[in-house]
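A short worksheet on the structure shown next.
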Amino acid sequence: MFEYRGFMLDSVRHMQSLDEIKKLVDAIALLGFNKFHWHLTDDQGWRFECDSFPELNTVAAVRPYSDFGKTRINEPYGRVYSKDEMREVVAYCAEKGLDVIPEFDVPGHTSALLSAMPELSCEGRKVKIKTHQGIFKDVLCLANEKTFEVITAIIDEFLEIFPGEYFHIGGDEAPSHHWKHCPHCQKRMKELGVKSYAEYQNCFMNRLIDYLESKGRHCIVWNEAARGANLDKRAIIQYWKEKEKPSIDFINSGGKAILSPFSYCYLDYDYLITPLNRVYSLNSDIPGLTDEGKKNIVGVEAPIWTEYISDINRLEELLFPRIIAVSKVALAENNKSYTEFLCDVNEIRNRLSSYNFCNEKMWTKSRTSMPLGWLKFVKDHYTIDFIKEQLF
């Protein structure tokens with residue numbers, strides 16, 4: 001059984017009410033999870049009430065409209081969760097035996113933050129809060145000392161609300177475009193003696209890791225951060241980006257990791273792409289991982305992102321029954337045959353009768369369904385303009 005058994009909920013792209021969050025907490029607690037990873041900041045919104053920088057609660061929290069995929073909603077969207085609301089979630093999770101791990105994603109995925117605080121960008125220009133999915137060039141200027149001061153001040157407010165031992169600081173999908181053209185960043189890189197932008201990013205991440213360790217907290221980062229060989233070994237990488245040698249090297253050389261491989265654990269994708277039988281087959285037998293490296297896997301986590309999930313009914317359909325398979329992996333109870341596991345699923349479904357389960361015909365697919373699933377996904381969600389934008 002893994003000591004870390006996690007579920008991640010994205011409340012940025014589409015929010016959930018406290019009652020909906022509590023209902024999900026009830027289910028994952030029943031299934032044996034002990035960590036609730038709450039994604040609260042991103043390009044499309046800011047969900048954490050901040051006293052130090054109140055502009056985050058207004059400018060950064062509300063996008064003017066939403067156009068995820070091919071659906072346009074022409075009305076403002078978003079707000080922050082108040083501190084009292086977040087404390088209520090923390091208290092409820094504690095009653096159910098779960099720690100809450102907040103995520104404050106830096107230095108990328110910061111368009112919403114920079115829309116309110118453009119002085120933290122390399123160019124100092126106002127950044128638009130994003131209205132659709134994607135990876136964007138907007139990143140923090142790491143050569144600006146004010147950036148570190150602001151980020152740590154916000155972290156201090158997070159720590160007042162979330163008392164758990166873990167804190168997630170992101171570190172994923174941070175394009176280096178602006179750093180390449182920023183004279184301040186170029187100067188700082190020379191001063192630091194780093195040769196790659198991945199190492200440059202990690203100089204900043206390592207400062208945050210050191211800061212949080214001084215507060216008695218352990219940092220989790222997405223595994224792109226391991227692309228810089230200088231990542232502090234006190235960090236735990238969340239392994240979602242599969243087949244990345246720097247991540248494997250990090251784990252084999254003593255770094256800790258949480259398993260969230262994209263093709264097994266990302267439960268926001270259709271069952272054609274990630275069927276139940278594939279989720280149930282997850283294990284720590286990652287190519288390139290040594291026997292010693294396998295000992296450094298501390299847990300498993302299933303994220304659900306909400307770019308294309310605007311209501312709780314759809315979220316539950318995608319979550320159940322696949323979250324049951326993740327729980328079996330996390331509890332080291334996935335040694336039964338898949339047929340036997342399906343019997344367990346039906347028994348658990350009776351206990352979770354108030355939740356929306358996907359149609360049983362969709363649960364199990366062959367491996368040939370994945371290409372068809374991806375073709376359908378691209379057709380349903382990607383426009384030509386979106387593809388061009390993502391190619392930079």
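For Ser253, the test of being within 22 Å of Cys219 (Cα to Cα) and at pLDDT below 95 is failed. The set of residues in the range 62-97 that are assigned to a loop (DSSP other than H, G, I, E, B), closer than 19 Å to Leu113 by Cα and not small (Gly, Ala, Ser) comprises Val62, Pro64, Tyr65, Pro76, Arg79, Val80.
For the range 98-126, how many residues meet the condition of being in contact (Cβ under 8 Å) with a residue 60 or more places away in the chain and farther than 20 Å from Ile220 by Cα? Residues in the range 98-126 being in contact (Cβ under 8 Å) with a residue 60 or more places away in the chain and farther than 20 Å from Ile220 by Cα: 6 in total. Under 6 Å by Cβ, and 6 or more places apart or on different chains, what pairs join a residue from the range 215-234 that is in contact (Cβ under 8 Å) with a residue 12 or more places away in the chain with one that is crowded, with 24+ Cβ neighbours inside 10 Å and part of a loop (DSSP other than H, G, I, E, B)? Pairs that qualify, where the first residue is in contact (Cβ under 8 Å) with a residue 12 or more places away in the chain and the partner is crowded, with 24+ Cβ neighbours inside 10 Å and part of a loop (DSSP other than H, G, I, E, B), are Cys219/Ala235; Val221/Gly171; Val221/Ala235; Trp222/Gly171; Ala225/Gly171; Ala225/Leu231.
Filtering the range 127-157 to residues that are closer than 25 Å to Arg217 by Cα and of a type in the set (D, E, K, R) leaves Glu145, Lys146, Glu149, Asp156, Glu157. The residues of the range 5-37 that are assigned to a helix (DSSP H, G or I) and of a type outside the set (A, V, I, L, M), listed by number, are Asp19, Glu20, Lys22, Lys23, Asp26.
Yes or no, residue by residue, for (1) buried (at least 18 other Cβ atoms within 10 Å of the Cβ); (2) at pLDDT 95 or above; (3) among the basic types (Lys, Arg); (4) closer than 21 Å to Lys256 by Cβ:
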| position | (1), (2), (3), (4) |
| --- | --- |
| Phe162 | yes, yes, no, yes |
| Tyr166 | yes, yes, no, yes |
| Ser176 | no, yes, no, no |
| Gln186 | no, yes, no, no |
| Met189 | yes, yes, no, no |
| Gly193 | no, yes, no, no |
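Within the range 320-332, the set of residues being under 15 Å from Phe262 (Cα atoms) and touching an Asp or Glu at 6+ places or on another chain (Cβ under 9 Å) comprises just one member, Val326. Within the range 175-222, the residues that satisfy the criterion of being part of a loop (DSSP other than H, G, I, E, B) and either closer than 22 Å to Arg125 by Cβ or basic (Lys, Arg) (or both) are Pro175, Ser176, Cys182, Lys195, Lys215, Arg217. For Ile286, the criteria (1) in a loop (DSSP other than H, G, I, E, B); (2) more than 17 Å from Phe7 (Cα to Cα); (3) β-branched (Val, Ile, Thr); (4) modelled with pLDDT of 95 or more hold in every case but one, which is (4). Of everything listed in (1) modelled with pLDDT under 95; (2) in contact with a Lys or Arg (Cβ under 9 Å, 6 or more places away or on another chain), the single unmet condition for Cys219 is (1).
Of the numbered criteria (1) touching a residue at least 60 places away in the same chain (Cβ under 8 Å); (2) assigned to a helix (DSSP H, G or I); (3) surrounded by 22 or more Cβ atoms within 10 Å (Cβ to Cβ), the one Ile129 fails is (2).
Only residues that are touching a helix residue (DSSP H, G or I) at 6+ places or on another chain (Cβ under 7 Å) and at pLDDT below 95 were counted across the range 33-72, and they come to 2.
The values are calculated or read from the model by the stated rules, or taken from the named source; none is laboratory data. Note that the coordinates shown come from a computational prediction; the quantities given were computed from them, not determined experimentally. So basically every Cβ, Gly included, is an ideal-geometry build from the backbone, and we count neighbours across all protein chains shown.
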